[in-house]
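Reviewing the structure listed below.
Nothing in this text is a laboratory measurement; each read-out follows from the coordinates by a stated rule. Source: prediction; values computed, not measured.
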Amino acid sequence: MKPFKRIIARFKKLRTKDKIMAVAALTMTLAVLVAIPTMAWFAHQKELATMAKVNSPAKLSLKAGAGEDIINFKMSGIDIRNGSPQDFIFCVEGEDISRYNIQLAHTTNINFTYNIYRAKETESTAGIQYIKSSDTNPVYYEKIGEAISMSTVNGTADTYSTRILGNGNYEEPSYQDGDQKQKFAEPLYLQTDSSIQANSENKDYDELNNDETAFRNYYVLEVSWGSDVTNDKETDMIYLTAQVDQ
């Protein structure tokens, strides 16, 4: 404590002007000492922000043809008089993803067969036409290779209809004991056997996003049927989902 008392004693002997200068110098010293950890905190926060950007959550979404919102993906009004199969365009779009799976679920009131193909844009008007909602200029697509291999995860062979129907393996209990439900109303779930590589196939999309991790993959959902299907006003529900492969 003696050195501190000597400093106080010397301070008291200083002229008023010198005291003011000493206090100002001390204040600046404290400000520098406070600023150093503060700058270190800001640097730490900047590092965290950079890490958050690099490790941002993966993005994955389903869209209609031409990258339009999925609300434009319409399958209503299938008319078997127009011939089998009938094709519908959709795409999977995302960022920071290497692989993903596609799931398809549908009820089985109508004996339709569903297949999914990879697709790409083509200049040929003989391709599959997609009319954009924003204008009347159609975009055309063509299938690539064979249908993607998919397997049912809750299928049961039905003796009467000879169809593969969905069972209740993935169903939460929704009915009381003794309740009956229509067997064709149980969704049949299918999933790709192997995860799909997320690689971009659209140069315009790449240039627009300027992001090496962004991708957009086009697909054709093909709906086909046999001679046993008629226009009998039956209705089915169809669900498409995409899932990041862990």
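Worth pointing out:
- Cα pair count fraction exceeding 11 Å, expressed as % - segment 105-144: 70 percent
- Extension reserve of the residue 144-residue 125 stretch, reckoned as 0.36 nm per residue once the Cα distance is removed: 5.2 nm
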